[in-house]
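Worksheet: one structure, shown below.
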Amino acid sequence: MKAYPVVRAARGGLSGRCVQAVVIGLVVLVCTAASTLAFGLLVDSNAPFDHAFAAQHGSEVTATSTASAARLAATARLPGVTAAAGPFPETTVTATMLVSPPPGQSGPSLPSQQQLTVVGRASPGGPVDDLTLTSGHWATGPGQVVLLTDGQGAGVAVGTQLTVNSVPGSPHLTVVGTATSITHSAQAWVVPAEIAALRARGTPDLAQMLYRFASAGTAAQVNADIAALRAALPHGALIGAQSWLTVKLQATGPIAPWVPFIVAFGVIGLVMSVLIVANVVSGAVVAGTRRIGVLKSLGFSPGQVVASYLIQVAVPAFLGCVAGVVAGNLLSVPLLSQTAQVYGVGALAVPVWVDVAVPVAMLGLVGLTALLLALRAGRMSAVQAIATGRAPRPTHGYAAHRLLGRAHLLPRPVTIGLAGPFSRPSRTVITFAAIVFGVIAVTFGAGLGASLDRVDHDLNLTAEQVQVSIPGSPSPGSGVKGGGPGPALPSLAAQERAVVAALRAQPGTAHYVAEADDDINFTGVADHLSLTGFGGDASWTGYAMIAGHWYSGTGEADVNTAFLSQTGTRVGNTYTLTSGTSHLTVRIVGEVFDPRGGRPEIIAGTSTLAALDPGLAPGQYDVGLKPGTNAQA
Amino acid sequence: MNSPNSLGADPTRRPREGGIPAIAASIRAAPSFGMDALIRLEEVTKRYDSDGAPAVAGVTMEVSPGESVAVMGPSGSGKSTLLNLIAGLDRPTGGQVRVGGERVDTLSETGLARFRRRQVGMIFQFFNLLDDMTVADNVLLPAQLAGMPTAQARARADELLTALRIGQHRNAYPARLSGGERQRVAIARALVNRPPLLLADEPTGALDTATGEEIGELLLDLNASGQTLILVTHNPDLAVRYAARVIGIVDGRVASDAATGARR
């Protein structure tokens, strides 16, 4: 095949149809950028976790049980268990320590009271959950503790003293090291003999077992593995079983909400790009059919015609791919930096293979689309090409023209225009599909954003709702009970009485309810549990229900989706929460929509939650306003 | 069928003085294929619809090298279809088409492309120039396709454009040219590979009378230089003036085949 005439013809086609070339280039650019971004985020949101999980032989199931050590050790030989570690004695303590501010922030270290799951391990290594020491050394004797670090630099320094408040005598522990556990199997480790001294009176003897299984890639497989463990232990002895998939979900949480949307946009962009490219290329081929006929009459072979049209499409597509990869990488920088912070892995970038594979796939896609259409054009006889270049194929659209011609209510130019698409049905279908996907993309993008904004707004503060904080009340998760430095404040009870009186005096007050929030540890789940307790009827506060109904009495609670997934429960189940020496059995009556993420949350009356967290006290009042009331006033 | 001999080219005839003097030098005489006829059609039929009337119905004819033949008939008579079959732009549904001894109707698509490059120069009613290429590039393209060395192809294109009095427009785009100038470009493009056979489909149909006559004279001169020419027209006057032989087509069949008094 003589190349120069082919290239010359393609160059002529490109210069003669600049708009088509620009459209192809832009479509491919946008699609490549979206795909690069989507793939990059997908890979980088999973890769660091997977890498660390493999390196540390992460625990696929972390079980907490009251069974004897012998029974637990026997579970290591269950069918499907490929590796196991433990049993390790476990307990939950409340400890006070000085926490330094994160790197880059100045200020003194502040005292913090936290609940910690403490496990007794003789060494950091083992066949499962092979811990990585990031500073100091492993605990070698009584009074020493190794703390879990999040890898972000904030936390407790080696040498810091912890005061364990949950046991008599408030023993002190010295932080001798910090370690990372990819599955967050505990927040602190001591030598096994130390656990007995840290266990509060009346709390059960808990032990931790760590497992890896032959099949644990999906939630269903992990659930089956947990069911096998449960069956092998005495009834009720398995207190909690944490799946590695849950931990992974939490670890990838900050970026996870974006990924499905970006992938969806990537897929829509991909489909749209195929349709638009097909439309544009078919348009170019149809518009250039006469030209194809002329080229063939001059002696172009079908192969040369195909090559000419492929080059004509490939040049703008290639430029679009290159620009799209660059754009995708630039767009990924802020999003991937969030992922990097989560894992503490420095900087993340779109993997090189994504930078290569995406444009190659995109070019292949465009090339295939163009090839199919160009092959059809190349197979036409020159006469047919010259003839059909001027008119659609005979018989196409005749019926539509006839039918619409009888519609006397419409002007004839309108009926001719309406019948036009039937003359070229394939192009009409492609155009229609591209428009449909375009509408989907716009609706998806605009509608989703607007819906989430609205839900978030509704959940935080409706137009008729305000929050009134109580100064000096405990802040959720701070662990610091009581006020900080500053002038002395009246007692909380006195402040509550004052707030209630003030609210009642306001003519715009329609409802009000005291709200108490706290974060606690509870056995069997790695993450903290958010408690939200209401001191009265709070059904009007605007929580959107996914399933079930709002709690209506003591012992009933609503939870979010993360709670259900992490505890393996469903609406209607009864579940016992254990935090240190406190137990709470609740009936889950509803699932609330929680747009803020993956931390488990339970919502109930304050009196119900007090069984689990005796220190739970109102921190604010949620106030419903009468219509027309100015919230700022 | 008329005898081609009575309509054969007159090798002693020279191009008209003051017409296009240089054109004769640029014309290659039709090569001998070792046989009498350059074109031989045997019972050629072409149907576009399986149940419709044939566009060309059992046409048998021969054209000798150097002849100028006008294919004449009313609109829809099948004359353009006949020309397309000879040019290898379309395939017959029956019969045989031989050009230069080669069975055109059995060639593959690639074979047909090669055949068109080497054997045929085609002139269309509406010029069919490539609007996105300059005049020079339009003329050069078939030469490049045929593998002619670039320098030689440029020289040949310049020679033709000058001879056809459009050398000054060599870098212009076709859209800027008049109809007559565009048709001259089309003729230059058709001749650039020195094809043995020049086919013209209503070459003056889109031109005004004066320009049409000018193009007609040009074709006449080309034929006088030995170029085999088949001209399709529905205009009897044009056929008689510019062709030595007129084949009349009616309803796809040869209705007449006669010599004219056209000068050679």
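Could you list, in sequence order, the residues of region B:81-107 that are surrounded by fewer than 24 Cβ atoms within 10 Å (Cβ to Cβ), among the small types (Gly, Ala, Ser) and modelled with pLDDT of 90 or more?
B:Gly94, B:Gly95, listed by residue number.
Take the residues in region B:32-62 that are within 12 Å of chain A (Cβ to nearest Cβ) and modelled with pLDDT of 90 or more; name whichever of them is surrounded by the fewest Cβ atoms within 10 Å (Cβ to Cβ).
B:Lys46
Do we find a residue being facing chain A (nearest Cβ under 9 Å) and surrounded by fewer than 19 Cβ atoms within 10 Å (Cβ to Cβ) anywhere in region B:152-164?
No, region B:152-164 has no match at all.
List, please: which pairs have Cβ atoms under 7 Å, are six or more places apart or on different chains, and start with a residue in region A:128-151 that is not assigned by TED's automatic domain parsing to the domain that holds A:Ser185 and end with one that is assigned to a loop (DSSP other than H, G, I, E, B) and at pLDDT 85 or above?
none
Could you figure out which of (1) more than 7 Å from every other protein chain (Cβ to nearest Cβ); (2) closer than 17 Å to A:Phe300 by Cα; (3) at pLDDT 90 or above isn't true of B:Thr134?
All conditions pass for B:Thr134, except number (2).
Show the residue pairs that are 6+ apart or on different chains and have beta-carbon atoms under 9 Å apart, the first residue being within region A:13-28 and touching a residue at least 40 places away in the same chain (Cβ under 8 Å), the second being among the basic types (Lys, Arg).
Going by the 9 Å Cβ cut-off, the qualifying pairs are A:Gly13/A:Arg291.
Looking at B:Ala70, is it over 16 Å from the mean Cα position of the chain (by Cα) and crowded, with 23+ Cβ neighbours inside 10 Å?
no
Looking only at region B:63-120, how many residues end up being free of Cβ contacts under 8 Å to residues at least 40 places away in the same chain, more than 14 Å from chain A (Cβ to nearest Cβ) and in contact with a strand residue (DSSP E or B) (Cβ under 9 Å, 6 or more places away or on another chain)?
Of the residues in region B:63-120, 2 are free of Cβ contacts under 8 Å to residues at least 40 places away in the same chain, more than 14 Å from chain A (Cβ to nearest Cβ) and in contact with a strand residue (DSSP E or B) (Cβ under 9 Å, 6 or more places away or on another chain).
If only one of A:Ala85, A:Ala33, A:Ala74 is farther than 30 Å from B:Arg114 by Cβ, in contact with an Asp or Glu (Cβ under 7 Å, 6 or more places away or on another chain) and more than 14 Å from chain B (Cβ to nearest Cβ), which one is it?
Only one candidate qualifies: A:Ala85.
Return the only residue of A:Thr578, A:Thr569, A:Thr561, A:Thr585 being modelled with pLDDT under 85, surrounded by fewer than 18 Cβ atoms within 10 Å (Cβ to Cβ) and closer than 30 Å to A:Ala95 by Cβ.
That would be A:Thr569, the only listed residue that is modelled with pLDDT under 85, surrounded by fewer than 18 Cβ atoms within 10 Å (Cβ to Cβ) and closer than 30 Å to A:Ala95 by Cβ.
Within region A:165-190, which residues are polar (S, T, N, Q) and farther than 30 Å from A:Tyr211 by Cβ?
Across region A:165-190, the qualifying residues are A:Asn165, A:Ser170, A:Thr174.
Quick check: is even one residue across region B:185-204 at pLDDT below 90, more than 14 Å from every other protein chain (Cβ to nearest Cβ), out of contact with any strand residue (DSSP E or B) (no Cβ under 7 Å at 6 or more places or on another chain) and not in a helix (DSSP H, G or I)?
yes
Listed here are the residues, each with its yes/no results for (1) among the hydroxyl-bearing types (Ser, Thr, Tyr); (2) within 14 Å of chain B (Cβ to nearest Cβ); (3) in contact with a helix residue (DSSP H, G or I) (Cβ under 7 Å, 6 or more places away or on another chain).
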position	(1), (2), (3)
A:Ala3	no, yes, no
A:Gly16	no, yes, no
A:Val27	no, no, yes
A:Thr64	yes, no, no
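Just the residues that are under 12 Å from B:Ser68 (Cβ atoms) and not in a strand (DSSP E or B), please, taken from region B:213-237.
Matches in region B:213-237: B:Gly216, B:Leu219, B:Leu220, B:Asp221, B:Leu222, B:Asn223, B:Ala224, B:Ser225, B:Gly226, B:Gln227.
Report, by residue number, each residue of region A:401-426 that is of a type in the set (D, E, K, R) and assigned to a helix (DSSP H, G or I).
Correct list: A:Arg402, A:Arg412.
Between A:Gly303, A:Gly328, which is in contact (Cβ under 8 Å) with a residue 12 or more places away in the chain and either assigned to a loop (DSSP other than H, G, I, E, B) or buried (at least 24 other Cβ atoms within 10 Å of the Cβ) (or both)?
The match here is A:Gly328.
Would you check if B:Ala210 is surrounded by fewer than 22 Cβ atoms within 10 Å (Cβ to Cβ) and assigned to a helix (DSSP H, G or I)?
Judged against the criteria, B:Ala210 is a match.
Which residues, taken from region A:203-242, are within 18 Å of A:Glu90 (Cα to Cα) and of a type in the set (Gly, Ala, Ser)?
Those that are within 18 Å of A:Glu90 (Cα to Cα) and of a type in the set (Gly, Ala, Ser): A:Ala207, A:Gly236, A:Ala237, A:Gly240, A:Ala241.
The values are calculated or read from the model by the stated rules, or taken from the named source; none is laboratory data. Everything numeric in this text was worked out from a predicted model, so none of it was measured. Note that each Cβ is placed from the backbone with ideal geometry, even for glycine, and that neighbours are counted across all protein chains shown.
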